[in-house]
Amino acid sequence: MSFPDFYGRMKRVLLHSAFWLIYLLQDTVLEFVWVGPALKNIPENVQFWMAFKAAIAAWIPKLVFTYFILYVTIPEFVKGSRKLFWTVLQATGAIVVTIIGYRLVFVYCINPVIYGGMLTARPVFHLLSILLAVMDIGFVCGVAFTLKLLRIQLTVREREKNLVREKLEAELKFLRHQTNPHFLFNTLNNIYALARKRSEHTAEVVMRLSKLLRFMLYESKSDLITVADELKILDDYIELEKMRYDRLTIHFQRDIDDSSRKIAPLLLLPFVENAFKHGASESRFDSFIRIRVQLQKGLLTFKIENTKENHTYEEIRDNIGLRNVRRQLELMYREYDLQLQNDPQVFSVKLYINLTSYAQV
């Protein structure tokens, strides 16, 4: 038996023991109050001890019936191994046998042995006594059944929650893995362009790409990285891209109060990729990319804008990178705001994230 199985069984045994202990104490108090007036000239401590023994004697048939219903009748009905008619018949037979046993315990054990015949003697099939037996047995069985249903519901809810979490984790991994090939494809295109020009920067670009890929393969697998590491990736990528453009001006402004704050990895890179791909690479004249990162008390503000040359207001269509970032933001942060603006000459992105609102998937 594995440790989790052993731990689960021990936990179940302790919970059942606690339930029955609490019930026995409650039943003892009721027995003490109910029978007390009939036990004259007997000290209260002796009365309470007698009530406790009576509660234990009456507890045995209730215990057998409760577990029979919980672990035989109901499971067979749920599995479909018995039809409703046979299930009702089985439960009816069990309650009849339990009531008879319950009354036999009272008539031949509790009254004559525990109370010494001081209670009014009643036959086994006394109508009022049978009704009281039905109420007593039904109460404890009903409470136990309700608790079992509650536990089953909580277990099902926890299982559903785990399935949802696993689904979201799988989706998040897919999004990140989809982003990495997209980045690699764009960068290889850059290297190809430099190689065609026989640029002296080709070897340096390959080296920088190697560093970025090493980060993506190992560091980006973590749920969170520091803001400093995220900005370092942006710096490396910008340096890699700058080698392709002569008439590009890049401004990168930072205002960081705590660079050790945690952020989801590679969350900002797609915006920078997008600025180069749809801005600088499509511009024939002087162009610019302006980036501003501000982090104050856990609130991250990221703004990036780039020039464009079509001079039209176009409907913003998300590419793979932007679409993936949107979905990652939905999965990972409860408080964020992403705004895209496509003006005639400038495309801009504004992203606000409360880094403390990270919702672990």
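The values are calculated or read from the model by the stated rules, or taken from the named source; none is laboratory data. It should be emphasised that the depicted structure is a prediction, and the values quoted were computed from it without experimental measurement. Neighbour counts are summed over all protein chains in view; Cβ atoms, including those assigned to glycine, are modelled from backbone coordinates with ideal geometry.
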#### Entry: Complete set of residues in the range 122-134 that are assigned to a helix (DSSP H, G or I) and loosely packed, with under 11 Cβ neighbours inside 10 Å
127, 128
### Summary
When (1) of a type in the set (A, V, I, L, M); (2) more than 38 Å from the chain's Cα centre (by Cα); (3) within 20 Å of residue 21 (Cα to Cα) are applied to residue 118, the one that fails is (3)
### Task
Within the range 57-100, track down each residue that is of a type in the set (Val, Ile, Thr), modelled with pLDDT of 90 or more and surrounded by 13 or more Cβ atoms within 10 Å (Cβ to Cβ).
60, 64, 66, 95, 97, 98, 99, 100
### Task
Could you check residue 104 against (1) more than 22 Å from residue 50 (Cα to Cα); (2) in contact with a helix residue (DSSP H, G or I) (Cβ under 9 Å, 6 or more places away or on another chain); (3) assigned to a helix (DSSP H, G or I) and say which number it fails?
(1)
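One line per residue, one yes/no per condition, for (1) within 17 Å of residue 229 (Cβ to Cβ); (2) modelled with pLDDT of 90 or more; (3) part of a loop (DSSP other than H, G, I, E, B):
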| site | (1), (2), (3) |
| --- | --- |
| 255 | no, yes, no |
| 277 | no, no, no |
| 311 | no, no, yes |
| 321 | no, no, no |
### Query
With 152, 137 as the choices, which residue is modelled with pLDDT of 80 or more, surrounded by 15 or more Cβ atoms within 10 Å (Cβ to Cβ), assigned to a helix (DSSP H, G or I) and β-branched (Val, Ile, Thr)?
137
### Task
State all residues of the range 211-228 that are modelled with pLDDT of 75 or more and more than 29 Å from the chain's Cα centre (by Cα); if no residue qualifies, say none.
228
#### Entry: So residue 47, is it out of contact with any Asp or Glu (no Cβ under 9 Å at 6 or more places or on another chain), assigned to a helix (DSSP H, G or I) and either at positive phi or touching a residue at least 12 places away in the same chain (Cβ under 8 Å) (or both)
yes
### Task
Within the range 12-45, track down each residue that is over 37 Å from the mean Cα position of the chain (by Cα) and of a type in the set (Gly, Ala, Ser).
36, 38
### Query
Right, residue 188: modelled with pLDDT under 80, in contact with a helix residue (DSSP H, G or I) (Cβ under 7 Å, 6 or more places away or on another chain) and part of a helix (DSSP H, G or I) or not?
no
